[in-house]
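Peer 1: Please see the structure below; I have some questions.
The numbers here are math on the coordinates, done by the rules we state, and not lab data. Keep in mind that what you see is a predicted model, and the values were worked out from it rather than measured. All Cβ positions, glycine included, derive from the backbone under ideal geometry; neighbour counts span all protein chains shown.
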Amino acid sequence: MKKTIFILVFFLLLFLLNYIYLTPKDYQNRWFNEENVIKGKSIFLKNCASCHKEDASGTTLWKKINKDGFYPPPPLNGQAHTWHHDYNTLAEIISKGGVLYNGEMPAFEKELNKNDIKNVIAYFQSFWKDDVYDIWKSMKKNSDFE
Ligand code: HEC
């Protein structure tokens, strides 16, 4: 009897863990889904993580100009300034790079197409907390992203 209960509890726990870890996250109120985030993650790890870190947390002192007179790579995870930019501005920064701001970020227009850029934005936006995302989403220019 005890053994049966043990086995039942074991499978129940297994089921719960499976549910928590393996069920795809639904980004219900976001414009992107898990597929965008997964694709964006591999693009980000390959092209962006060396500067902005794997989890898009960037540099802590991102407002402090470095010794060469440039800003360091900022966090893109919603903790810094990135959410002030509408979608098209974010896409433009990624495509043209830091030249827009006399900055150091390289341009990615040759390596990444429109879809790649979309997915990479989804990846770093997946770190944004709901309140940050909601403010971004309420910007008029972002209202087409469902
Ligand atoms: C060589 C380092 C480097 C790489 C690689 C890099 N960035 Fe950046 N990024 C920067 C720096 C530095 C800035 C700050 C502006 C500047 O100096 O150009 C920046 C700024 C940005 C901004 C604007 C943030 C804001 O809050 O205004 C975005 C968005 C961004 N990067 C996204 C990306 C993405 C996506 C990739 C990969 C496709 C990437 N970056 C790759 C260094 C880098």
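Peer 1: Between LEU8 and GLU34, what's the calculated FRET efficiency when r is the beta-carbon distance and R0 is 25 Å? Round to 0.05.
Peer 2: Efficiency for this residue pair is about 0.20.
Peer 1: Rg/Rh for the chain: what does it come to with C-alpha atoms and Rh from Kirkwood?
Peer 2: Radius of gyration relative to Kirkwood radius: 1.14.
Peer 1: Per DSSP H run of at least 4 residues, take -39500 (n - 2.57); add these up for the chain, divide by its residues and hand me the 222 nm value, nearest 500 deg cm²/dmol.
Peer 2: Taken over the chain, the calculation gives -14500 deg cm²/dmol.
Peer 1: If the limit is 28 Å between Cα atoms, which of LYS64/LYS141; LYS53/LYS110; LYS110/LYS141; LYS118/LYS140; LYS53/LYS129; LYS67/LYS140 go over it? Walk me through the numbers before you get to the answer.
Peer 2: Details: LYS64/LYS141 30 Å; LYS53/LYS110 22 Å; LYS110/LYS141 26 Å; LYS118/LYS140 19 Å; LYS53/LYS129 18 Å; LYS67/LYS140 38 Å.
Going by Cα-Cα distance, LYS64/LYS141; LYS67/LYS140 fall outside the 28 Å limit.
Peer 1: Using the Cα centre as the reference, give the magnitude of the dipole from point charges on the C-beta atoms of the chain (Lys, Arg: +1; Asp, Glu: -1; all else neutral), rounded to the nearest 20 debye.
Peer 2: Roughly 380 debye, rounded to the nearest 20.
Peer 1: Could you tell me which of GLY40, ASN66, LEU17 has its Cα farthest along the dipole of the chain towards the positive end, charges placed at Cβ (Lys, Arg +1; Asp, Glu -1), taken about the Cα centre?
Peer 2: Farthest towards the positive end: LEU17.
Peer 1: Run the simple label-point estimate for TRP62 and VAL132 please: 7 Å along Cα→C-beta, distance reported in nm.
Peer 2: For TRP62 paired with VAL132, the spin-label model returns 0.7 nm.
Peer 1: Hydropathy first: keep DSSP H helices in the chain averaging at least 0.0 on Kyte-Doolittle, then drop any whose Cα extent along the axis falls short of 27 Å, and list what survives.
Peer 2: 2-22
Peer 1: What spacing in nm lies between the two simple spin-label points modelled at LEU45 and TYR101, each 7 Å away from Cα in the Cβ direction?
Peer 2: Each label point lies 7 Å from its Cα, and together they span 2.7 nm.
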